Amino acid sequence: GQSLEQPSEVTAVEGAIVQINCTYQTSGFYGLSWYQQHDGGAPTFLSYNGLDGLEETGRFSSFLSRSDSYGYLLLQELQMKDSASYFCAVASGAGSYQLTFGKGTKLSVIP
Amino acid sequence: EAQVTQNPRYLITVTGKKLTVTCSQNMNHEYMSWYRQDPGLGLRQIYYSMNVEVTDKGDVPEGYKVSRKEKRNFPLILESPSPNQTSLYFCASSSRQRVSGGQINEQFFGPGTRLTVL
């Protein structure tokens with residue numbers, strides 16, 4: 001089966017940098033994605049890593065090490081609006097259609 | 001406006017009364033999926049569809065049915081709902097984008113349907 005582990009909660013100060021880790025065990029692997037979900041809202045796509053290394057999108061970066069079955073999401077210059085839950089998700093199975101999500105990390109940004 | 005719509009947004013029903021949650025997307029996406037979200041458990045995939053008339057089970061398919069007769073619609077059917085199906089349900093759609101290292105399955109989620117089964 002598939003399993004993903006990520007911290008349940010993280011608290012960080014506005015303006016700081018925070019890293020949310022994700023380790024995974026899957027029978028197949030077609031990439032690691034990250035989604036953001038604000039309270040009461042729907043998840044929205046943030047980033048995707050298919051190859052090892054760092055992908056940067058504005059204040060957000062995501063990293064993948066396939067040999068370590070590990071990735072992380074890095075949020076820089078934290079803003080209050082970044083308070084949300086963040087989910088890592090692994091695409092497994094043929095064609096990457098089967099998506100398994102982690103249980104989510106609730107990030108609280110404090111002044 | 002590109003979007004995924006779900007109806008109803010809120011539903012309270014009783015055990016055993018068949019119900020359907022509709023999902024529709026206007027982005028011509030091939031792939032659609034249903035998830036349920038429960039506190040502490042994250043998002044769990046119920047069923048997914050790779051295209052019209054092609055569906056497959058996700059991680060928690062028991063008690064649910066789906067159909068994909070048209071590309072834009074992917075209804076979720078609960079033939080005999082039970083209280084353990086009380087949850088927040090999300091429909092999502094995507095089209096694959098090939099990139100180096102694989103293909104992004106960027107999923108666009110609907111607003112969610114909060115279902116309570118008494």
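Among residues other than A:Glu55 with Cβ under 15 Å from its Cβ, the summed charge is -1 (Lys and Arg +1, Asp and Glu -1).
Couplings 3J(HN,Hα) of the range A:13-22, computed from phi: 8, 3, x, 7, 10, 9, 10, 10, 8, 8 Hz, in residue order, whole Hz [Karplus 6.51 cos²θ - 1.76 cosθ + 1.60, θ = phi - 60°; x for Gly and Pro]. Full extension of the chain between A:Gln25 and A:Ser67 yields a length gain of 14.0 nm, computed as 0.36 nm times the residue separation minus the alpha carbon distance. Averaging the sequence gap over all C-alpha pairs within less than 8 Å and six or more residues apart, then dividing by the number of residues, gives the range A:45-111 a relative contact order of 21 percent. Summing charges over all other residues whose Cβ lies under 11 Å from the Cβ of A:Thr105, with Lys and Arg as +1 and Asp and Glu as -1, gives 0.
Under a 5 Å amide H cut-off, with hydrogens placed 1.01 Å from N, B:Tyr47 pairs with B:Trp34, B:Gly58 among residues at least 5 apart or on other chains.
Each part gets one Cα centre, and for the range B:1-24 versus the range A:1-52 those centres are 27 Å apart.
Computed over chain A with a Gaussian network model linking Cα atoms closer than 10 Å, the most mobile of A:Gly53, A:Gly28, A:Gly41 is A:Gly41. In this structure A:Tyr70 has an accessible area near 60 Å², from a 1.4 Å probe over the protein heavy atoms. With a Förster radius of 25 Å applied to the beta-carbon distance between B:Asn73 and B:Lys17, the computed FRET efficiency rounds to 0.70. Compute the Cα gyration tensor for the range A:21-78, then decide on rounded, prolate or oblate, letting a ≥ b ≥ c be the square roots of its eigenvalues: rounded whenever a/c is under 1.5, prolate when a/b is larger than b/c in the other cases, and oblate in all that remain. Here the range A:21-78 falls in the oblate category.
Think of a 1.4 Å ball rolled over the protein heavy atoms: the range B:1-107 then has 48 Å² of accessible area per residue.
Along the range A:25-33 the Karplus relation, 6.51 cos²θ - 1.76 cosθ + 1.60 evaluated at θ = phi - 60°, assigns HN-Hα couplings of 9, 9, 7, x, 9, 10, x, 10, 10 Hz to successive residues, with x for each Gly and Pro. Using the Cβ of B:Leu11 as centre and a radius below 13 Å, the other residues enclosed give a net charge of +4, where K and R count +1 and D and E count -1. Computed 3J(HN,Hα) for the range B:61-72, one whole-Hz value per residue from the Karplus formula 6.51 cos²θ - 1.76 cosθ + 1.60 where θ = phi - 60°, is x, 4, x, 10, 9, 9, 8, 9, 8, 10, 5, 7, glycine and proline marked x. In the structure shown, the pairs B:Lys18/B:Lys71; A:Lys103/B:Lys57; A:Lys106/B:Lys65; A:Lys103/B:Lys65; B:Lys17/B:Lys71 are assessed against 22 Å; a Cα-Cα span above that value is assigned to B:Lys18/B:Lys71; A:Lys106/B:Lys65; A:Lys103/B:Lys65; B:Lys17/B:Lys71. Sequence-distant contacts, meaning Cα pairs under 8 Å at least 6 residues apart, place the relative contact order of chain B at 34 percent.
Using the Cβ-Cβ distance between A:Asp52 and B:Thr116 with R0 set to 41 Å, the FRET efficiency from 1/(1 + (r/R0)^6) comes to roughly 0.40.
The values are calculated or read from the model by the stated rules, or taken from the named source; none is laboratory data. This structure is a prediction, so every number in the text was calculated from the model and none was measured. Neighbour counts run over all protein chains shown; Cβ positions are idealised from the backbone, glycine included. All accessible areas refer to the heavy atoms of the entire protein, side chains included, with ligands and DNA or RNA removed. Shrake-Rupley method; radii C 1.70, N 1.55, O 1.52, S 1.80 Å.
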